[in-house]
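Beneath this line is the structure, given in structure tokens, with notes to follow.
Where a number appears in this text, it was derived from the coordinates with a stated rule and is not lab data. Since we're looking at a predicted model, the values are computed, not measured. Neighbour counts are summed over all protein chains in view; Cβ atoms, including those assigned to glycine, are modelled from backbone coordinates with ideal geometry.
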Amino acid sequence: KIALIAVALVVLAITASLWIAGRTAVARNLVADWATEATGLPSTVESVTVGFLRGPSIELHGLSIAQPPGFDDKPLIEIGSVRITAPWSSLFGDPVAHGLTIDKAVMRPRVKTDGRDNWSAMIEHLMESEEEQPAPAWAVGRLAVNESVLDYDDASTETRFRLSAIMIVASDLSPAADFPVELRLGGESGKNTFLFAFDGRGLADTGAGRF
């Protein structure tokens, strides 16, 4: 019994240490450095919360990815919060998540008058990072995107539109397998407004670059 109590105390101490560490500047800097390395763009995060009550979970608040040089002062991507919940087995194997929830994301794709855009270099950087490592057998039980916005501005063609109240719900996501997905959004372009709804199947084959 003494041995079991000792093990329980050690586990409790490790869990408490990780819980506390997940709320420090060290955790924020680690996440920001990872995002910067992954995207090739300066990134910051306001807070990080790590949980272990019902399995590992991590929640990010105020994630911001800056624009490339020569574009807007406002970030290319801002995300209010990201929450990931996972089984314990995911800590020792392929990345598997019970749930991935993204709230209040804002994306600002831009094209300058000379045709240069602010997202191609980031996507190429992401793809190069993935090519350096074998593609893992990832899976997500449920994906939810809520109250998000896409603000598009193409100065070369004077095309501007804004998609808002974006809501996406998908389940049972895995590479090269289709999955059920729901999409809802509203939009405005000039004086025109519209609503869009879609219920169907999606595909996210990250290894082959097919979406």
Compute the distance from the alpha-carbon center of region 156-205 to that of region 33-101, in whole Å. 21 Å
How much length, in nm to one decimal, is gained on full extension between ALA137 and ALA176, taken as 0.36 nm per residue of separation minus their Cα-Cα distance? 13.0 nm
Work out from phi, with θ = phi - 60° and the Karplus expression 6.51 cos²θ - 1.76 cosθ + 1.60, the ³J(HN,Hα) of each residue of region 109-120, listed in order in whole Hz, and give x for Gly and Pro. x, 9, 10, 7, 4, 8, x, 6, 10, 9, 10, 4
Near the amide H of GLY62, under 5 Å away, which other amide H atoms are found, from residues 5 or more places off or on another chain, if H is placed in the peptide plane? GLU46, SER81
Under unit Cβ charges (Lys, Arg +1; Asp, Glu -1), what dipole magnitude, rounded to 20 debye, does region 117-198 have relative to its Cα centre? 540 debye
Could you work out how much longer the chain between ASP73 and ASP114 gets when fully extended? Use 0.36 nm per residue separation minus the Cα distance between them, nm to one decimal. 12.9 nm
Phi to ³J(HN,Hα) by Karplus 6.51 cos²θ - 1.76 cosθ + 1.60 over region 153-160, Hz, x for Gly, Pro: 9, 10, 6, 6, 10, 6, 9, 9
